[in-house]
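Peer 1: Sharing a structure with you now.
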Amino acid sequence: MSASTQQSFTSVLSVNPYKETYFSGISSFISKTSSPEYAKEQFVISYLNTKDFINAQIEISKNIPDEDLYDAINSKAYDELALDQAIEYKIQYIETFNVLDEENRHFHVFIVDPLDITNTFLHPVEKIKYIDVITPAPLLIKSIYAKEIIESNGVHCFIYIQENDAFITIYEEKEFVYTKSIKFSFLDMHERFCELYGERVDYDDFLNFFSKENLRDSNSDYKQFFIRLYKELFANINDILTYAKRAFEIEKFEHVYIGTQLQTVTKLHEMLEVELNIKSSEFDFDYGFETNEQYVDQLHILMHLYTTLPKDEKYDCNFTLYKRPPKFIKRESGKLIILTFASFALAFAYPITYWILTYAQELQEDLLKQEYKEVHISKITREATIKNRITDKEKAITLLEEEKKDYVEKKNTLIKIHEVKVDYPMKAKLLATFTKDLNRFHVNVQSLNYSQLGNDKILSLDLVADKDRKITKLVEYLTATHEGKFNFDLEEIKFDKETNKYFSELKVKIL
């Protein structure tokens, strides 16, 4: 809702008076309501179908002052359009700007018989009492441009099909240019379809096929007649666009949007694009509203979008006959009552003021006392809670330290078990591997040592033999036999004269 609307209203109710459907909107959420009621804080908006008003263009001399503008437009409309002088039509207008005409002002004029408004809104007004805005349906499309939902300029055509009306509206450079009602409403198309089909078809069956059957994939008997019906629709649209090009000096149409009051499976815009050779899309935009309905009549959404716009960004063309009464302070009776109360208020101002101040002081004191009691209780409760939490924390820390100590002990035990299960059998296995080879070459082992440096596992053997050749042959044999498994390192062989023996250290690196 606009800033001005938000000051007085908290919700919006959109009304389709022809089908008596209602959608309520709060913020950006819209939902259907079946039992609308009058609410003081509710802004109500509705629209008139294109076939229910007369639309024309009128030129008025720039010499006519603004205060006489409505009378001049009213008089010229009756004269140029040959309106019935016995009927007091409601006339609204919007101004368009023609830079080529320096002498006249140009206006789009919308003319409605008040009796048509009364008959159309008879039932809705019984439920909701007031309607703040009733605007021609084609002017609601201005909201799409104001919200920049369609950002591109150029000439756009909008086609919308409803149960009891269908209209074509043209906008150029984001401004209204032309609108026309066409005889292709659901009711009109149903009658024409029955003529083409050659027998009476139930209206509900017609709507069911129209909305739920994909014409491209259907094998129904209705298919060929719907194709003929659509071709007539597109031909009628083409005739109107051809007229508009000539009448309004339009070079080309940039885009055509087509939609219906019911959601359809058949892609009408794709068929239209093929027939007219104009880029086409569905008349269904991302308006930024949330709804729990699967599909919402686009005019309902446009009405809600209209209420979000500032006054200078929308067309002010209001046909409502059901305005709210003036505010209480603007009525004569309201002014008198307010003056009377003001006089009494001045007479009793001093004693009442003194009594109010005394009462307020006592009330403030009682409130402070009550607040102190609540704060004191809260303080004591929180201190007790904090003390309990500190005690629990200390217990938890003590328990944690015990768990850490127990963890370290278990870890050391597991390491020792690993050494016993892995290292000892490994050493024994290595000794068993080399024992036969040592015996083969009559070499003895004086001592051995197993060590691990990083990832290197090394077994050191102190060898003893009565001949140095036995040691060298042993090493040669081991190197050839265990190639790729071990790496043998023998630096020197020493001779001991006392024992008449040869000694050497053989290092075996496990690969």
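Bear in mind these aren't lab numbers, they're just calculated from the coordinates by the rules spelled out. No experiment lies behind these values; they were computed from the predicted model shown. Heads up, the Cβs are rebuilt from the backbone with ideal geometry, glycines too, and the neighbour counts pull from every protein chain shown.
Peer 1: Sticking with the crude label model, points 7 Å out along Cα→Cβ, report the distance from Ile390 to Tyr203 in nm, one decimal please.
Peer 2: If labels sit at Ile390 and Tyr203, their model points lie 8.3 nm apart.
Peer 1: For the range 502-508, take each phi angle, set θ = phi - 60°, evaluate the Karplus expression 6.51 cos²θ - 1.76 cosθ + 1.60, and give the result in whole Hz per residue in order, putting x for glycine and proline.
Peer 2: Residue by residue, the range 502-508 yields 10, 10, 7, 9, 9, 9, 10 Hz.
Peer 1: Now a separate question. Report, ordered by chain and residue number, the lysines lying within cross-link reach of Lys32, taken as a straight Cα distance under 28 Å and ignoring same-chain residues fewer than 8 apart.
Peer 2: Leaving aside lysines fewer than 8 places away in the same chain, those within reach of Lys32 are Lys19, Lys40, Lys51, Lys127, Lys129, Lys142, Lys147, Lys212, Lys267, Lys311, Lys314, Lys323.
Peer 1: Then there's this: Going by a ≥ b ≥ c, the root eigenvalues of the Cα gyration tensor, does the range 1-129 fall in the rounded group (a/c under 1.5), the prolate group (a/b larger than b/c) or the oblate group?
Peer 2: Prolate, since a/c reaches 1.5 and a/b exceeds b/c.
Peer 1: Additional query: Is the shape of the range 441-510 best called rounded, prolate or oblate, per the rule: a/c under 1.5 gives rounded, else a/b larger than b/c gives prolate, else oblate, with a ≥ b ≥ c the square roots of the Cα gyration tensor eigenvalues?
Peer 2: Cα axes put the range 441-510 in the oblate bin.
Peer 1: While we're on this one: Could you tell me the extents of the range 167-324's C-alpha atoms along the three principal axes, largest first, rounded to whole Å?
Peer 2: Principal axes ranked by extent give 52, 42, 31 Å for the Cα atoms.
Peer 1: Mean Kyte-Doolittle of at least 0.5 and a Cα length of 18 Å or more along the axis: which whole DSSP H helices of the chain meet both?
Peer 2: Helices meeting the span and hydropathy rule in the chain are 332-347.
Peer 1: Give, rounded to the nearest 20 debye, the magnitude of the charge dipole that the chain has about its Cα centre when Lys and Arg contribute +1 at Cβ and Asp and Glu contribute -1 at Cβ. Don't jump to the answer; show the numbers that get you there.
Peer 2: Working: 64 positive and 84 negative charges, 790 e Å.
So the dipole magnitude of the chain works out to roughly 3800 debye.
Peer 1: Between the range 187-217 and the range 304-320, what is the C-alpha centre distance in whole Å?
Peer 2: Rounded to whole Å, the Cα centres lie 36 Å apart.
Peer 1: Same structure, new question: Past the 14 angstrom mark, what percentage of all C-alpha to C-alpha distances in the range 191-282 do you count?
Peer 2: Tail of P(r) above 14 Å: 69 percent of Cα pairs.
Peer 1: What is the spin-label model distance, in nm, from Trp355 to Lys467 if the labels are put 7 Å beyond Cα along the C-beta direction?
Peer 2: Distance between the two pseudo-spin positions: 13.7 nm.
Peer 1: Are there any GluC sites (Glu not before Pro) in the range 133-194 that are in a DSSP loop and have at most 14 other Cβ atoms within 10 Å? List them by number. The partial results should precede the final answer.
Peer 2: Numbers: sites: Glu148, Glu151, Glu163, Glu172, Glu173, Glu175, Glu191; in loops: Glu148, Glu151, Glu163, Glu173.
Of the GluC sites (Glu not before Pro), the ones in loops of the range 133-194 whose Cβ has at most 14 other Cβ atoms within 10 Å are Glu148, Glu151, Glu173.
Peer 1: Given R₀ = 60 Å, FRET efficiency for Tyr78-Ile380 by Cβ-Cβ distance, to 0.05?
Peer 2: Numbers: r = 85 Å, r/R0 = 1.42.
Calculated transfer efficiency: 0.10.
Peer 1: Continuing with this model, one more query. Report the calculated FRET efficiency for Tyr372 and Ser11 (r = Cβ-Cβ distance, R0 = 56 Å), to the nearest 0.05.
Peer 2: 0.85
Peer 1: Another question, if that's okay. Just going by the charge dipole of the range 441-510, with Lys and Arg at +1 and Asp and Glu at -1 on Cβ, which of Val464, Ile493, Gln452 is farthest out on the positive end?
Peer 2: Val464
Peer 1: Also, quick follow-up: Give a residue-ordered list of calculated ³J(HN,Hα) values for the range 139-153 (Karplus: 6.51 cos²θ - 1.76 cosθ + 1.60, θ = phi - 60°; whole Hz; x for Gly, Pro).
Peer 2: 6, 5, 5, 3, 4, 5, 6, 4, 8, 6, 6, 10, 9, 6, 8
Peer 1: Pop the C-beta distance of Ser61 and His123 into the FRET formula with R0 = 30 Å and round what comes out to the nearest 0.05.
Peer 2: Rounded to the nearest 0.05, the efficiency is 0.10.
Peer 1: Need one number: nm distance between label points at Gln364 and Lys494, each 7 Å from Cα along Cα→Cβ, rounded to one decimal.
Peer 2: So the label points at Gln364 and Lys494 sit 10.4 nm apart.
Peer 1: What do the square roots of 5 times the Cα gyration tensor eigenvalues come to for the range 253-294, in whole Å, largest first, as semi-axes of the equivalent ellipsoid?
Peer 2: On the way: eigenvalues 106, 32, 7 Å².
Square roots of five times the eigenvalues give 23, 13, 6 Å.
Peer 1: Answer with one residue from Tyr315, Leu414, Ala39: the one whose Cα lies farthest towards the positive end of the charge dipole of the chain, charges on Cβ with Lys, Arg +1 and Asp, Glu -1.
Peer 2: Leu414
Peer 1: Check which residues have an amide H placed less than 5 Å from Tyr93's amide H, if you skip close sequence neighbours.
Peer 2: Distant-sequence amide H within range of Tyr93: Phe110.
Peer 1: Here's another thing I want to ask about it. Take the chain, mark every one of the chymotrypsin sites (Phe, Trp or Tyr not before Pro) that falls in a DSSP loop and has at most 14 other Cβ within 10 Å, then report the longest stretch left between them, sites excluded.
Peer 2: Free of exposed loop sites, the longest segment is 349-511.
Peer 1: Quantify how much of the Cα-Cα distance distribution of the range 351-435 extends past 15 Å, in percent.
Peer 2: Tail fraction, whole percent: 80.
Peer 1: While we're looking at this one, here's another question. Treating the Cα atoms of the range 218-259 as identical point scatterers in vacuum, please give the log10 of the normalised Debye intensity I(q)/I(0) at q = 0.20, 0.26, 0.35 Å⁻¹, two decimals.
Peer 2: Per q value, in the given order, log10 I(q)/I(0) is -0.71, -0.92, -1.12.
Peer 1: Expressed as a whole number of Å, what is the distance separating the alpha-carbon centroids of the range 371-386 and the range 106-151?
Peer 2: 62
Peer 1: Give the lysines whose C-alpha is closer than 16 Å to that of Lys485, dropping any in the same chain fewer than 8 places away, or say none.
Peer 2: Lys427, Lys429, Lys457, Lys507, Lys509
Peer 1: Can you give the convex hull volume of the alpha carbon atoms of the range 160-210 per residue, in Å³?
Peer 2: Spelled out: Cα convex hull of the range 160-210, divided by residues, is 82 Å³.
Peer 1: Moving on to the next point. Name the residue from Ile64, Asn104, Leu241 whose Cα lies farthest towards the positive end of the charge dipole of the chain, charges +1 on Cβ of Lys and Arg and -1 on Cβ of Asp and Glu.
Peer 2: Sorting the options by dipole projection puts first Leu241.
Peer 1: Would you please calculate the Kirkwood hydrodynamic radius of the range 95-135 over all C-alpha pairs and express it in Å, rounded to one decimal? Can you show the working numbers first?
Peer 2: Working: mean 1/r = 0.0750 Å⁻¹.
Radius from the Kirkwood sum: 13.3 Å.
Peer 1: Still on this structure: So how compact is the chain: Cα radius of gyration and Dmax in angstrom?
Peer 2: 48.2, 152
Peer 1: Can you spot the aspartates and glutamates whose alpha carbon is less than 16 Å from Lys494's alpha carbon? Ignore those fewer than 8 places along the same chain.
Peer 2: Once the sequence-local aspartates and glutamates are set aside, what remains near Lys494 is Asp462, Asp466, Asp468, Glu505.
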